[in-house]
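**Q** Just dropping this structure here.
The values are calculated or read from the model by the stated rules, or taken from the named source; none is laboratory data. These figures come from a predicted structure and were not determined experimentally. Virtual Cβ from ideal backbone geometry, glycine too; neighbours counted across all protein chains shown. Ligands, DNA and RNA are excluded from the accessible area calculation, which covers all protein heavy atoms including side chains. Shrake-Rupley method; radii C 1.70, N 1.55, O 1.52, S 1.80 Å.
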Amino acid sequence: MKKLILFVDDEPNVLDGLRRMLHDQREIWEMSFVCSVDAALDQLSEVGFDVIVSDVMMPGKDGFEFLKILHGSEKTKNIPVIIVTGSNESALKRRALDVGATDLLSKPVDREDLLARIRSVLRLKLYQDELEDQNKILEQRVKERTIELEDSRRDIIWRLGKVAEFRDEETGNHIVRVAWYCRAIAESLGMGRDFVEMLFLTSPLHDIGKVGIPDEILLKPAKLNHEQRETMRQHCVIGAKIFRQDSKAMKSLFAWRENHSHPGGKKENNPLLKMAASIAETHHEWWDGTGYPRGLAREDIPLESRIVAISDVYDALCSERPYKPAHPERKVIAVISKEVGRHFDPDIYNAFEKSLEEFRRFRAQFADWNGESCS
Ligand SMILES: [Fe+2]
Ligand SMILES: [Fe+2]
């Protein structure tokens, strides 16, 4: 492809001289000759030139102003500019270089000199373009890699939630529905995007601690006795430990990049793990302080756990389980509304009520495989 070169000079005879001088280059260069900066800018708005050769002293906009305009625009800032000056004044030449000229040439222009300079800046432009293309490719790769990592992180989190769900339910989409309900409530409360996203990812892990509860208690088809109930309640503590414990073995997983500091790489700084731990630990706390394991009350219970609490109960009551049928939604809402101020935060209940339409959509979309039937 021919290289495009733009010549700017207010003296027509200079332009004519250049045209004649470079006549034999027409096979490899496409050349335009204009007699003012305004005319040059007009051409530049339509054509992407590879090199500009410009005079400095011109009526109207001069060469310095031209350089400033070129450098101020994203489209033209990388076009190399050779400034041609009749002056031998070194201050003027320095100023031209200061405002972004790539090279300088003295009038009267020597043909061989001009050809050598143009070829040299064309080579420079080629390297620059290649570098820019490489950068674009790298940026694209980083973007793709980041999306892949984010997807695999989400995938692992969902599957981790499934581990706990498989132990006591085996089938069903309970954790998927809880995640969507939590998202709807958090959005209705006007929470920021980061909070909503983190809650969406970590709420399915609320019962992860059940992996540490013995089968004879977790799967017991009858009512639990006092001691068994206490053991069952330990799932909150176990869940929090899973996300908080910072064992030597865990640290060794990150040791390979000890010298490459990475934000979020350290477990204690990871907000996602913090929220997961908080939810696993406090999703059975009650607004009035009578819940477990810590007996926290009101705003001492983390917001994320207050949201999970109502979502979890709504879904459990609406769903069929081996030991109970699914309850109709109006009955579920009646039960939950009676618990406002006791089990549930009144503000969260209001957001829950506003989100019920969405909840119904999610229930239909993520119905259990074995026929969850809340109506
Ligand atoms: Fe739980
Ligand atoms: Fe649950």
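**Q** Read through the list (1) closer than 27 Å to His206 by Cβ; (2) more than 26 Å from the chain's Cα centre (by Cα), then give the number of the only condition that Ile185 fails.
**A** (2)
**Q** Hey, any hits in the range 184-194 for a residue that's touching a residue at least 24 places away in the same chain (Cβ under 8 Å), within 11 Å of ligand 2 (Cβ to nearest atom) and open to solvent by less than 50 Å² (accessible area, probe 1.4 Å)?
**A** no
**Q** Picking from Glu329, Glu320, which residue would you name as being more than 15 Å from ligand 2 (Cβ to nearest atom) and buried (at least 16 other Cβ atoms within 10 Å of the Cβ)?
**A** Glu329
**Q** Oh, and also: Do we have Gly172 as open to solvent by less than 60 Å² (accessible area, probe 1.4 Å), within 20 Å of Met275 (Cβ to Cβ) and within 16 Å of ligand 1 (Cβ to nearest atom) here?
**A** no
**Q** State all residues of the range 55-64 that are buried (at least 17 other Cβ atoms within 10 Å of the Cβ) and either in contact with a strand residue (DSSP E or B) (Cβ under 7 Å, 6 or more places away or on another chain) or part of a loop (DSSP other than H, G, I, E, B) (or both); if no residue qualifies, say none.
**A** Those that are buried (at least 17 other Cβ atoms within 10 Å of the Cβ) and either in contact with a strand residue (DSSP E or B) (Cβ under 7 Å, 6 or more places away or on another chain) or part of a loop (DSSP other than H, G, I, E, B) (or both): Asp55, Val56, Met58, Gly63.
**Q** When you check Glu30 against the structure, is it closer than 27 Å to Tyr127 by Cβ, assigned by TED's automatic domain parsing to the domain that holds Leu126 and part of a loop (DSSP other than H, G, I, E, B), yes or no?
**A** Judged against the criteria, Glu30 is not a match.
**Q** How many residues does the range 65-115 contain that are open to solvent by less than 10 Å² (accessible area, probe 1.4 Å) and in a helix (DSSP H, G or I)?
**A** Here the count works out to 6.
**Q** While we're looking at this one, here's another question. Identify, please: which residue in the range 196-214 is in contact (Cβ under 8 Å) with a residue 24 or more places away in the chain and more than 14 Å from ligand 1 (Cβ to nearest atom) and is, among those, farthest from Phe362 (Cα to Cα)?
**A** The qualifying residue farthest from Phe362 (Cα to Cα) is Met198.
**Q** Quick check, is Ile310 open to solvent by less than 20 Å² (accessible area, probe 1.4 Å), at pLDDT 90 or above and more than 27 Å from Pro214 (Cβ to Cβ)?
**A** Yes; evaluated as a whole, the condition is true for this residue.
**Q** If you check Arg244, Arg298, which single one turns out to be modelled with pLDDT of 95 or more, open to solvent by 40 Å² or more (accessible area, probe 1.4 Å), away from ligand 1 (no atom under 16 Å from the Cβ) and not hydrophobic (A, V, I, L, M, F, W, C)?
**A** Sole residue among the options that is modelled with pLDDT of 95 or more, open to solvent by 40 Å² or more (accessible area, probe 1.4 Å), away from ligand 1 (no atom under 16 Å from the Cβ) and not hydrophobic (A, V, I, L, M, F, W, C): Arg298.
**Q** Yes or no: the range 320-329 includes at least one residue that is modelled with pLDDT under 90, touching an Asp or Glu at 6+ places or on another chain (Cβ under 6 Å) and assigned by TED's automatic domain parsing to the domain that holds Leu199.
**A** Yes; the residues of the range 320-329 include at least one that is modelled with pLDDT under 90, touching an Asp or Glu at 6+ places or on another chain (Cβ under 6 Å) and assigned by TED's automatic domain parsing to the domain that holds Leu199.
**Q** Residue check: is Lys125 open to solvent by less than 90 Å² (accessible area, probe 1.4 Å), among the basic types (Lys, Arg) and within 16 Å of ligand 2 (Cβ to nearest atom)?
**A** For Lys125, the condition - open to solvent by less than 90 Å² (accessible area, probe 1.4 Å), among the basic types (Lys, Arg) and within 16 Å of ligand 2 (Cβ to nearest atom) - is not met.
**Q** Output the residues belonging to the range 216-238 that are surrounded by fewer than 12 Cβ atoms within 10 Å (Cβ to Cβ) and free of Cβ contacts under 8 Å to residues at least 12 places away in the same chain.
**A** Within the range 216-238, Glu216, Ala222, Lys223, Asn225, His226, Glu227 meet the criteria.
**Q** So, restricting to helices (runs of 4 or more DSSP H) that lie completely within the range 267-375, which ones have at least 2 residues that are touching a residue at least 24 places away in the same chain (Cβ under 8 Å) and not aliphatic (A, V, I, L, M)?
**A** 271-282, 303-318, 346-354, 356-365
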